[in-house]
Structure formats: structure tokens, C-alpha cells
Amino acid sequence: MGKRQPPHILLIPFPAQGHIIPFLDLSRHLALQNLSLTIVVTPSNLPLLSPLLSKSPSIQTLSLPFPSSPHLPPGVENSKDLPPSSFGLFIHALSSLHSPLLSWITSQTQTQNPVSAIVSDFFLGWTQPLAEEVGIPRFAFSSSAVLGTAVLHSLLHRLPQRLDATDDSYPISFPGIPGSPIYLWRQLTFLYRSYREGDPVSEAVRQNFLWNFESLGFVSNTFKALEGIYLEHPLEDLGFRKIWAVGPLTPINGGTSRGGVMSVSASQVMTWLDRFDEGSVVYISFGSQAVLPSVQATVLATALEKSGLHFVWAMRDSTTLPEGFEERIAKRGMIIKGWAPQVAILSHHSVGWFLTHCGWNSVLEALTAGIVMLTWPMASDQFVNARFLVEVAGLAFPLWEGSSEVPHEDELANILKEAVTLKGTEVRSRAKEMGRKVAEGVSEGGSSYQELEGFVQELLKLEVNV
Ligand code: UDP
């Protein structure tokens, strides 16, 4: 008689902060189950796993050298260190992990702990043929909205629709998606806009995403009360077999122990916020990837100065500000350079607004805190997210778009002031209600809780006899 062993799941995150953060939380949830887990990492990304490994010490790590690529700067192992134009090359370079992973999985087959399934990021579609080669199932993990994921896959699936657009406003339609959205060429992800038929990297990146359609389904960082309209739509139309909407997944330890350097401590920020009235402060962040070009940073700084609003602005170290700005606004504005304790800031009672680039994690963190967003999408799926929040969900006000055009400082100051002082009431009560729905969804018996249980059951079914 063979011995029954818990299934051994190989977890493969994509090395970008916005992808790793929710993936680690999913891994933490899985570690609470009767599953054996191994997580794949490249050496310089290992510190990013420490919040997970300290909470879930039973998780094994498999460290593999980052594949060398003549097209990437040496030593770059995380997409935050790259411009969006190198994203395709980065995705492509990672696919060279296929071979060492194949060897490792094969080496496990004769052990007491053979690999039963792969759960990997949807930017690592090449893990699908890998899973097929060794005869195990693969589940894709999406750190984006279902809408954003559907738009990206639909674009790459239906190519070529419009690949050489010189007109940035050229409209692209999505009749297969509820609401039949239309996006302008410039609002589509660079991964699509940079596609060139026949170019090996373009073709590899496209194929990389198309493989996701072969997966057993997507574990998605979203939830029913927010994206029910896309989840209820016949999934075949979007080409996905199954979606488990398990979100919001959140940064482990509130994201504060992620090793990033901060110019002020979390407690200093909280104490500073304590002095302001409930819901009166605007928190500003463009996420972990985007750097606001200095002309835009100058205009935003001047607009904030003119608006008279209270704010906390978290920025990448390299952002440049107008001379003397920090001193002038010191009484009502705080600048954080480096890694800000975002989740804690959003949960502070004096913060009522979030000027955001609409990265999906930031969006979910704002919704969890019941906060209204002011949207300024910059790249990738952020335009799609922003449109959804403003036009479909009614949870945000549009502020600006993109990294090239520069708004006029007075116009920006006015939109900011108007949103915060005049127009907020209705949107604010919707945002608060959404915050309550988030809490309901993740608590026992809630929709995300049940979806996560359903996904865990899929994995537990893979129990092995050795
Ligand atoms: N984040 C943070 N402090 C910072 C910048 C970002 O804690 O100073 C976290 C933020 O809370 C979110 C993630 O990093 O969890 C950013 O992910 P998102 O999807 O919003 O945007 P991306 O960085 O991928 O553009």
C-alpha cells in the first residue's frame, strides 16, 4: 500500500512588486492547508519573500539564477529596474527558466515529494507547456483585474487588429467583453502596442500569454462585488476555463516589512496624519514602477500648493520637485521618498482620497480602506482600471492620464479641489460601502473566502500515493 502524501505545489511568482505582493499572500493562504509548497525565486528577489517565509516557514524555496540575456542590463532581476520598453525582453528572458525547472521537477519524480501542480503568474505563460511536458496541471495567477486580464488576452488573441497606429486616439473595441468597451490606442498596454509581427521577442511574448488559455483556470485578485459583471459573463467568451475570484489579496504585514528604504518611519507618518480631520488628506502614489517625469512632478507639486489641500506624497527617490517646495508645504504636506507604508496610510482615518496611477494592488487597497480614488493612469492595465473605476463602478474621479502630456497647474489644482471639496459625497458613500463589501467577502462564508476554499479543494484533490 502506498503512503498518502499532501500534494506538492510549485509556486512561481513574476518578479515585479505588483505581482509578487498578492502572490505571496495567496501562498500564505495555501500554506495554511495540507499542501507541500515550493516557491521559485531568483537570488536578488529572495529578500522579497521574507515576509512570507517568516509567516510560513514550511514553504521551501528553489533559487535559480536569473537567465542571462544580452538585451538586459546585467544584474537586473526585477522589472522595477527596467523601463516599460524592456518589459517584453524581461518576460522573454525568464522563459529560459524552463530548462532548469524541467530538470528540477523531473528530479523530484522519484522522491517522496513529486510535484503535483504548478501555480504561476500569468506573465509566465511558458510554464504551461512545462507543466504539460511533465504531465501535471497548471493554474495561472492574475494580479490584475478580470477586465484588465481579459483585455490583454483578447488583444493578443485577436491580433492583428491595429498594430501600426500612428494616431494615438485610434479606437479599439472589445465586443466580447460586457459593456463593449472601446479604448484608445494610447490606453492599451505597451506589451500589445510594441508587438511586431514576425519579431521573435514579440511572437514569444504573445505566445507566452496565449498559453494561459490552456491552464485549468485563473486565480484572480479580484472579488465578486466589484467585478461580478465580468465574472458572470460566459467565461468561454473571454477564453478562460475558470476564474477563482479570491481577492483582495493584501501585502503581508501591511507591506511595511518589505525591506525598502523609507525616508520617514511608519509611526512618524501616522503621528503626522493624526493632526488632520477625518477624511481630509489626499494620499498620492504612482506605485512601485512609474516615475513621474519631472515636468509632471513640477505641475502636480504646484497644483497641490495652489489647492491648499492636505496631502502625503509617496514618491520614488528619483522624482524631482520644485526648489523649496518641501519647506513651503511642510505644515500641510508630507513627502515620503522611497518605500511608503501604503496600506497603513490608506487605513488612517484622516486619509479620504487617493491620487493613484491605478495599479491594481493600489486600487484594491483603496477599496479595502473605503477611500475614493483620483485617477492618473500611466501605463499597462492602469488605463483600463481607471476607466472601470470611474465609468462602471463609480468609485473614482478622473484627474489626468499618461506620462507625456502636461496638465496646466491651475486646471489640475481646480480638479483636485473640486473633487475633494464639492463632488465627493456620493462617490464617498459608494466607496465606504465597497469597503464593507470587501470585509464581508473575505470573512468566513463570504464570496472570496468561498472561492479560495474552492481553489484549495482543487489542489487538495491532487493528493498523491507514493
Ligand atoms: N507600495 C508600497 N509603498 C510604496 C509604493 C508601493 O507599499 O511606496 C505597494 C502598494 O501598497 C501596492 C504595490 O506596492 O501593494 C504597488 O502595486 P500596484 O499594483 O498598485 O502598482 P505597480 O507598482 O505594480 O505599478
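Values in this text are rule-based calculations from the coordinates and carry no lab data. Remember, it's a predicted structure, so these values are computed and weren't measured experimentally. Using ideal geometry, Cβ is built from the backbone for each residue, glycine included, and neighbour counts are taken over all protein chains shown.
List of remarks:
- Considering only H408, H310, F325, and ranking their Cα positions along the charge dipole of segment 295-414 that arises from unit charges at the beta-carbon of Lys, Arg, Asp and Glu, the one farthest toward the positive end is H310.
- Over 24 Å apart at the Cα level, from the set K242/K461; K306/K337; K331/K437, are K331/K437.
- Trypsin sites (Lys or Arg not before Pro) restricted to segment 1-93 and DSSP loop, no more than 12 other C-beta within 10 Å: K3
- Cα gyration tensor shape of segment 283-403, rounded if a/c is under 1.5, else prolate or oblate by comparing a/b with b/c: prolate
- Convex hull volume per residue in cubic angstrom - Cα atoms of segment 339-466: 166 Å³
- Gyration tensor (Cα) of the chain, equivalent ellipsoid semi-axes in angstrom: 36, 25, 22
- Over segment 127-253, all Cα pairs binned in 10 Å intervals from 0 give whole-percent P(r) values of 12, 39, 35, 13, 1, listed from short to long.
- Whether segment 274-352 is rounded, prolate or oblate, judged on the alpha carbon gyration tensor where a/c under 1.5 counts as rounded: oblate
- DSSP loop GluC sites (Glu not before Pro) with at most 11 other Cβ within 10 Å excluded, longest remaining stretch of the chain: 1-196
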